[in-house]
1. Please report the relative contact order for chain A, taking Cα pairs under 8 Å with a sequence separation of at least 6, and give it as a percent rounded to a whole number.
2. Using all Cα-Cα distances in the stretch A:3-142, what percent lands in each 5 angstrom bin from 0 up to the longest?
3. State to the nearest 20 debye the size of the charge dipole of the protein assembly as shown about its Cα centre, where the only charges are +1 on K and R beta carbons and -1 on D and E beta carbons.
4. Using a 1.4 Å probe on protein heavy atoms only, how many Å² of accessible area do B and A hide from each other, summed over both chains and rounded to 100?
5. Over what distance in Å are the Cα centres of the stretch A:68-135 and the stretch B:1-48 separated?
6. With a 1.4 Å probe and all protein chains left in place, how much of the accessible area of the protein assembly as shown comes from carbon and sulfur atoms, in whole percent?
7. In deg cm²/dmol, rounded to 500, what helix-only [θ] at 222 nm does the protein assembly as shown give when every DSSP H run of at least 4 residues adds -39500 (n - 2.57) and the total is split over its residues?
8. Given a 1.4 Å probe, how much area per residue of the protein assembly as shown is accessible, in Å²?
Amino acid sequence: MRFPDLSFREASALAIGLLFLLLTAAYLVQVQPISWRSGVAPPATGLAIRLALVSIVGSIIIQSVLAVRRPAEAETPADERERQVLARAGNWSGLVLGAGCIMALGNYLLHANGNLLFHGILLSLLVATVAESGFQLWLFRRGH
Amino acid sequence: MGKRPPITNRVKALREAHGGMTQAELGAAVGVTRHTIIAIEQGHYSPSLETAFRIARRFGVGLEDVFGWEET
């Protein structure tokens, strides 16, 4: 089986994307059993802290492993194409985050459920991060 | 997004004509990654004017000997 030739930043985007995809799934699994309509789970401080810690530690481990395997690429700053990709992907993921937040706020205006607002905002953050990685991979491969 | 820019190039041919230069070697010479050279050769990316000049100077030819405009 032949793996595609990924650049350092493509490999980073893929790994980070998978990490946050797993975190998003883990978050939904933890919160989903409780009804979203009534009795929405209150903001789980412990869960949020664990998510934050795993995301930070996981990202550091991923970048460290990649840097050890490809030290020359890790030390080289992003070139002109990579900078364009990173900027564009960041811009698009910002739109995803904004859309998610607006939906969560709109839902709050309708239902005045603060717990749901919290979960909506947190989920938007997770989804936007996954989306950013996806956009980066797509732009790196497809070009412009 | 995804539409191929109307710019052709002879980067791969020139690179191979210069002693079988690798994509990594050309990338290092002009300040971009190997994957960016790949993207340029495949027509997926149009380099900046500065990088285009650097590529042409590396091959010792003029800019229009490396890059061209694709008439549609």
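1. Values: 110 pairs, mean separation 57.7, N = 144.
The normalised contact order for chain A reaches 40 percent.
2. 2, 10, 16, 19, 18, 13, 9, 7, 4, 2, 0
3. On the way: 20 positive and 16 negative charges, 79 e Å.
I would put it at about 380 debye.
4. Numbers: alone 4870 and 9180 Å², together 12700 Å².
Interface between B and A: roughly 1300 Å².
5. So the two Cα centres are separated by 31 Å.
6. Numbers: 8050 of 12700 Å².
That share works out to 63 percent.
7. Numbers: 10 runs with 153 residues, N = 216.
One gets -23500 deg cm²/dmol as the mean residue ellipticity at 222 nm.
8. On the way: 12700 Å² over 216 residues.
Heavy-atom accessible area per residue stands at 59 Å².
The values are calculated or read from the model by the stated rules, or taken from the named source; none is laboratory data. Predicted model only: the values in this text are computed from it and were never measured. For neighbour counting, all protein chains shown are included, and Cβ atoms are generated from backbone atoms with ideal geometry for every residue, glycine included. For the accessible areas, the whole protein counts, side chains as well, though only heavy atoms, and no ligand, DNA or RNA atoms are used. Shrake-Rupley method; radii C 1.70, N 1.55, O 1.52, S 1.80 Å.
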